[in-house]
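Since the structure comes first, as structure tokens, the remarks are kept for the end.
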Amino acid sequence: MQNNLPPLTASTLYLVATPIGNLEDITLRALRVLKECDVVAAEDTRRTGQLLQHFEIRKPLLSYFQFNEAKRSEEIIERLRQGQKVALVTDAGTPGISDPGERVVAAAVKAGLRVESIPGPCALVAALTASGLATDEFHFIGFLPHKSGQRKKALERLRETPGTSVLYESPYRVGKLMQELVEIMPDRQVVMARELTKKFEEYLRGTPAELLAITEKRSLKGEFVVMIAAADEKTAKLRVEEESEEQE
Ligand code: SAM
């Protein structure tokens, strides 16, 4: 463990992971980088402004989101060339994981600039490690396409993919996803991790049909990570854990 940490390095892009629901999950290093950087590039400046305010950090903010990534990447690269230390954060979790970040990181690497990851919360890792499914080999595909035909094709490809498959899904489509899995992978064990790190965190485990029945019975809100066991998953059949109805 290092106690006397050196100051931040000039001309460095810091990718700072932020909480996915529980503010206690911010790391000491994330706070230090946010305090010591020159500027924070944020997916949503209002939301990040609130996070910084909570931790009593005042910093200039620059917006960096999906639709201005190209233009803002150039600006960030220019700032880095001038010696600035830029922290990149998204609304929640780790930048670049189903979130903006990839483009500016690629541009910085191409320009020979330093990029450092400040690791921390990531829904993918939190969900997978507590799922009870195999973690030695997994395949993360983020969000499925919205169009039915494209979703079906993506799921058919996953059926042939070794290891645990991990997806992000919105509460509006999680029932649809279970229906699709009933058709495409009916015998697999599936785990739905909901509202990780928050008050109503829960893991729902079962076959697609069992989980579909739960989604039909309860109106499940919040954020989800869905994990599908590998075809040859050896673990004992996972139990479906019905949680009591909750008021949100
Ligand atoms: N960059 C983030 C990360 O590191 O996990 C992911 C951002 S992506 C835009 C948002 C999706 O991540 C949500 O729709 C959900 O699928 C998943 N997610 C984020 N926070 C979550 C949480 N607290 N519980 C379950 N899933 C979560």
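Of everything in region 62-95 that is touching a Pro at 6+ places or on another chain (Cβ under 6 Å) and surrounded by fewer than 21 Cβ atoms within 10 Å (Cβ to Cβ), the residue that is modelled with the lowest pLDDT is Gln66. Counting only strands (runs of 3 or more DSSP E) that fall entirely inside region 131-207 and contain at least 2 residues that are over 23 Å from Asp232 (Cβ atoms), the qualifying elements are 138-143, 164-169.
Is it the case that region 29-43 has a residue that's within 23 Å of Glu201 (Cβ to Cβ), in contact (Cβ under 8 Å) with a residue 40 or more places away in the chain and crowded, with 16+ Cβ neighbours inside 10 Å? Scanning region 29-43 turns up at least one residue that is within 23 Å of Glu201 (Cβ to Cβ), in contact (Cβ under 8 Å) with a residue 40 or more places away in the chain and crowded, with 16+ Cβ neighbours inside 10 Å. Taking the criterion of being in contact (Cβ under 8 Å) with a residue 60 or more places away in the chain and either small (Gly, Ala, Ser) or assigned by TED's automatic domain parsing to the domain that holds Leu167 (or both), the residues of region 85-114 that qualify are Ala87, Ala92, Gly93, Gly96, Ser98, Gly101, Ala108.
Determine whether region 122-129 contains at least one residue that is closer than 30 Å to Leu80 by Cβ and touching an Asp or Glu at 6+ places or on another chain (Cβ under 8 Å). Checking region 122-129: at least one residue is closer than 30 Å to Leu80 by Cβ and touching an Asp or Glu at 6+ places or on another chain (Cβ under 8 Å).
Total residues in region 128-157 satisfying the condition of being in contact (Cβ under 8 Å) with a residue 24 or more places away in the chain and in contact with a helix residue (DSSP H, G or I) (Cβ under 8 Å, 6 or more places away or on another chain): the figure is 10. Of the residues making up region 29-73, those that are of a type outside the set (Lys, Arg), in a loop (DSSP other than H, G, I, E, B) and farther than 17 Å from Gly96 by Cβ are Cys37, Asp38, Phe55, Glu56, Ile57, Pro60.
The values are calculated or read from the model by the stated rules, or taken from the named source; none is laboratory data. On a predicted model such as this, the values are computed, not experimentally measured, just so you know. Heads up, the Cβs are rebuilt from the backbone with ideal geometry, glycines too, and the neighbour counts pull from every protein chain shown.
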